[in-house]
1. Is it true that A:ILE167 is outside any loop (DSSP other than H, G, I, E, B) and either buried (at least 17 other Cβ atoms within 10 Å of the Cβ) or touching a helix residue (DSSP H, G or I) at 6+ places or on another chain (Cβ under 9 Å) (or both)?
2. So B:TYR138 clears everything in (1) among the hydroxyl-bearing types (Ser, Thr, Tyr); (2) in contact with a helix residue (DSSP H, G or I) (Cβ under 6 Å, 6 or more places away or on another chain); (3) in a loop (DSSP other than H, G, I, E, B) except one condition, right? Which one?
3. Is there a residue being in a helix (DSSP H, G or I), more than 14 Å from chain A (Cβ to nearest Cβ) and touching a helix residue (DSSP H, G or I) at 6+ places or on another chain (Cβ under 6 Å) anywhere in the stretch B:11-26?
4. Given the condition open to solvent by less than 40 Å² (accessible area, probe 1.4 Å), at pLDDT below 90 and touching a Ser or Thr at 6+ places or on another chain (Cβ under 7 Å), answer yes or no: does some residue in the stretch A:107-117 qualify?
5. Can you tell me how many residues within the stretch B:84-140 are crowded, with 18+ Cβ neighbours inside 10 Å and of a type in the set (Phe, Trp, Tyr)?
6. How many residues, within the stretch A:8-23, are more than 13 Å from every other protein chain (Cβ to nearest Cβ) and under 16 Å from B:ALA211 (Cα atoms)?
7. Between A:ASP12, A:ASP33, A:ASP3, which is more than 30 Å from B:ASN153 (Cα to Cα), among the acidic types (Asp, Glu) and buried (at least 20 other Cβ atoms within 10 Å of the Cβ)?
8. Considering each residue of the stretch A:148-164, count those that are under 30 Å from B:ASP183 (Cβ atoms) and either out of contact with any helix residue (DSSP H, G or I) (no Cβ under 9 Å at 6 or more places or on another chain) or not assigned by TED's automatic domain parsing to the domain that holds A:ASP12 (or both), and give that number.
Amino acid sequence: MLDKNLIVGVYDNEDNLMSTVGRLRKKGVEIFDCFTPYPVHNLDKEMGIKRSNLTVGAFICGSLGFLSGTLLQFYMMTNHLGTFKSWPMNIGGKPMDYLMLPSMMPVMFELTILFTAFGIGILFFIRSRMIHGKIAAILDPRQTQDRLLIAIEPGHLGISRDELNQILKEEGAIELRERKDGEQVVINV
Amino acid sequence: MYEASIRKPLVTGNKTITDISDDICRPIENKPTKLWYLGFTISFIFLGIMGVSLAWTTWEGIGTWGVNKTIMWGWDITNFVFWVGIGHAGTLISAILLLFRQKWRMAINRSAEAMTIFAVMCAAIFPLFHMGRVWLGYWPLPLPNAFGSLWVNFNSPLLWDVFAISTYFSVSLLFWYLGLIPDIATVRDRATTKARKFWYGFFAMGWDGSARTWHRYEVVSLILAGVSTPLVLSVHTIVSFDFATSVIPGWHTTIFPPYFVAGAIFSGFGMVLTLLVIARSVLKLTDYITVEHLEAMTKVVMLTGSMVGLAYLTEFFIAQYSGVEYEQYAFLNRATGPYWWAYWTMMTCNLLAPQVFWFKWARTTPWFIFIMSIVVNIGMWFERFVIIVTSLHRDYLPSSWAMYSPTITEVGIFLGTMGLFFTCFFLFSKYLPVVNMSEMKSIVKSRE
């Protein structure tokens, strides 16, 4: 994102940002992204972001966890897992077959949770391209404090630049900027 | 924005979103106060006491403890259950209240989750050192026979506990860290020193507040809350299985899982109140953690306190009604035997004391809430002591009846874990934002 050319509108109010997004979308402008210091309710819907598929990933990871818990315990506690012989321990003559299923439940459950949580966590970091030590591509140091930003690619406008500037201004943008070749300049309209 | 007129604002003092960053980052960006140094030093001394006591236990063995053949779980499992219970409030606040869309959780979830993590760390110390040879602490892991230990026994609730507690710790840590990322990014972008820019930048993972990332972030938070909720219920259920699956009179009851979970939340909220009543005034956060928040928490304390109270009365009644002499004796012995003082401390602190919260004055007076929270902490510690020690000290065989009192080493370890807990909390309050800034920003009514 660091090398993209962008037009940036700076807001100090979420309602203004929301109405800008709504108006631009109606005009058919493709919004590159918005940057906000806090999750703005319904902004994702307004921008037309599709619901994330991470939930499917979570389900798959959870199922894997359940499977590992089941296989792990059947392997260690019984001789019933295929042709494997794991030399299970006879503990006080307690069942060493499927009859011990009830006592396997807690560990199956815990591993399901563990895999779901870490699975979705890791998938989230991959999908959002986040990793420790990554240099953040921020447009304004205040975008994580109290400023809300809208970014539009000049190539995907669909309306004239003047019209865009007009809309941003009308909807209460406190500043307009353009980033070209990594340099940001304030545009006076 | 929709404002319900019957509810008071969650943030007072007409804060703007700029004020939130300024107020909450202040302890991180300034030198700590004298009070912080004082508190940290005291906690650190206690941490040192833990180090010495644990070193002595490792060097000399479990003989340095007061546990004996009859009461093999004395202070040590009491403290283990006590600390695990403390942790539950954090997950209740951050996960269950998120699912119930309770917005008052936002001001306190960060610090409560931090407490969860520190409390579970304290808890883990006890069973680990009770094993006697702490350097073989990896033996409860499911390792093949060739590693020295034999296969672990999945029929044992103690092993379930290993899985439950370690899952609980790691998932809580992940949930906590995920919640911290946007706030770490805020600190990074405000940073004026190189070191702060580097370290907060490192842990912020390149967070830029993009709407797409926020969208996914909210999905992940919801899923994590969804899995943490059954997880937190399962953790104390499994802790209660350590007792309930045995055949010891006083332990062998089906009421244990719900009773333990309610007790855990009760004691956890006690500890959250103890810390937050102090922290909100020391860190000048009274506009964020308002009396409203304290009041909401005291209501939870009253509810869960009454639930454990009901459980005490139920188990006592059922024991008499069951017709099993051993059960009948176990409960009569708790109330009138040599440990009667522990039983009645528990009853007073957990069943009677929280009933004062029926009165509005009690729910809205911080100094009084602080005192009551200490009472709750004491009461819940005694609950575990009563369950463990009084049930064990009268065996089926009168020849093995015994008494238990802790040694200085055990006292040292327990006070030491307090030191560990508070040391971690002081460091947390210095280096990380104690209130979730990004969530608070989404609920302030007045904007710039």
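The values are calculated or read from the model by the stated rules, or taken from the named source; none is laboratory data. No experiment lies behind these values; they were computed from the predicted model shown. Methodologically, a virtual Cβ is constructed for each residue, glycine included, from the backbone with ideal geometry; neighbour enumeration extends over all protein chains shown. Each accessible area value is taken on the protein alone, full model and side chains, heavy atoms only, with ligands, DNA and RNA left out. Shrake-Rupley method; radii C 1.70, N 1.55, O 1.52, S 1.80 Å.
1. Values: outside any loop (DSSP other than H, G, I, E, B): yes; either buried (at least 17 other Cβ atoms within 10 Å of the Cβ) or touching a helix residue (DSSP H, G or I) at 6+ places or on another chain (Cβ under 9 Å) (or both): yes.
It is true that A:ILE167 is outside any loop (DSSP other than H, G, I, E, B) and either buried (at least 17 other Cβ atoms within 10 Å of the Cβ) or touching a helix residue (DSSP H, G or I) at 6+ places or on another chain (Cβ under 9 Å) (or both).
2. All conditions are met except number (2).
3. Start the filter on the stretch B:11-26 by keeping residues that are in a helix (DSSP H, G or I), which leaves B:17-26.
Checking which are more than 14 Å from chain A (Cβ to nearest Cβ) leaves us with none.
No - not one qualifying residue is present in the stretch B:11-26.
4. Scanning the stretch A:107-117 turns up no residue that is open to solvent by less than 40 Å² (accessible area, probe 1.4 Å), at pLDDT below 90 and touching a Ser or Thr at 6+ places or on another chain (Cβ under 7 Å).
5. 4
6. 3
7. On the way: A:ASP12 fails: buried (at least 20 other Cβ atoms within 10 Å of the Cβ); A:ASP3 fails: buried (at least 20 other Cβ atoms within 10 Å of the Cβ).
Just one listed residue meets the conditions, A:ASP33.
8. 2
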